[in-house]
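Okay, structure first, notes after.
The values are calculated or read from the model by the stated rules, or taken from the named source; none is laboratory data. Computed from a predicted model, the values in this text were never measured in an experiment. Methodologically, a virtual Cβ is constructed for each residue, glycine included, from the backbone with ideal geometry; neighbour enumeration extends over all protein chains shown. The protein model used for the area step is the full one, side chains on, heavy atoms only, and it has no ligands, DNA or RNA in it. Shrake-Rupley method; radii C 1.70, N 1.55, O 1.52, S 1.80 Å.
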Amino acid sequence: SSMPERLAQRGPVRRGGAGRAVLVVDSVPIARKFLVQRLAALGYDAHAAEDGERAMAALQARPFAIVFLELELSGGIDGLSLCVAVKQTPPAPGAKVPAVVITTGEAGSMARVRGTLARCDAYLNKPLIEADLVAALGEVDPLFN
């Protein structure tokens, strides 16, 4: 029998991140840890930063496919400024500008308007729901599905 059939017998083939590096930027430890765990379970190489300064250092150190950004970051650089910086920084040779997914507990359209102006690629409302995370990954990561 062919390989896909054998895999199907063992359970569903995990679609997913295939080890692509993603960065979670959130000041709240439990929120950061939760999203890192979910992304790792989906096959991503998930990294975390607790503020904008650490996120900028991580982004300069290596390329990321996706950056998950909380709007309300503690420290000097807020989520929107970080989003603008990510989108304006030329990527390393052979790398692409990362997709940016804004995560926010802010209900309402203002967060979306601000995120759109900062050129973010998708939104996730908190508390995070798995189906929303999968939908957002489908939007921003062409290799996910």
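Tell me yes or no: at least one residue of the stretch 110-120 is of a type in the set (S, T, N, Q) and under 18 Å from Ala55 (Cα atoms). Spell out the reasoning first.
Going residue by residue through the stretch 110-120, those that are of a type in the set (S, T, N, Q) are 116.
Add one more test, that the residue is under 18 Å from Ala55 (Cα atoms), and what stays is none.
Checking the stretch 110-120: not a single residue is of a type in the set (S, T, N, Q) and under 18 Å from Ala55 (Cα atoms).
Of all residues in the stretch 108-132, those that are among the acidic types (Asp, Glu) have Cβ atoms under 6 Å from Cβ atoms of residues that are assigned to a helix (DSSP H, G or I) and surrounded by 11 or more Cβ atoms within 10 Å (Cβ to Cβ), 6 or more apart or on another chain, in Asp121/Val140.
Quickly run through the stretch 110-132 and pick out the residues that are farther than 25 Å from Thr89 by Cβ and either in contact with a Leu (Cβ under 9 Å, 6 or more places away or on another chain) or modelled with pLDDT of 90 or more (or both).
Pass one, the stretch 110-132, residues farther than 25 Å from Thr89 by Cβ: 110, 125-132.
Within the stretch 110-132, Leu128, Ile129, Glu130, Ala131, Asp132 meet the criteria.
Give Gln88, Gln37 a once-over and let me know the one that is free of Cβ contacts under 8 Å to residues at least 12 places away in the same chain and more than 14 Å from the chain's Cα centre (by Cα).
Details: Gln37 fails: more than 14 Å from the chain's Cα centre (by Cα).
The conditions single out Gln88.
Select from the stretch 50-73 the residues that are farther than 20 Å from Gly19 by Cα and exposed (fewer than 13 other Cβ atoms within 10 Å of the Cβ) and list them in ascending order.
Taking the stretch 50-73 first, the residues farther than 20 Å from Gly19 by Cα are 50-54, 56-57, 70-73.
Hit for the stretch 50-73 is Ala57, nothing else.
For the stretch 96-109, a residue qualifies if it is open to solvent by less than 30 Å² (accessible area, probe 1.4 Å) and modelled with pLDDT under 90, and exactly one does: Thr104.
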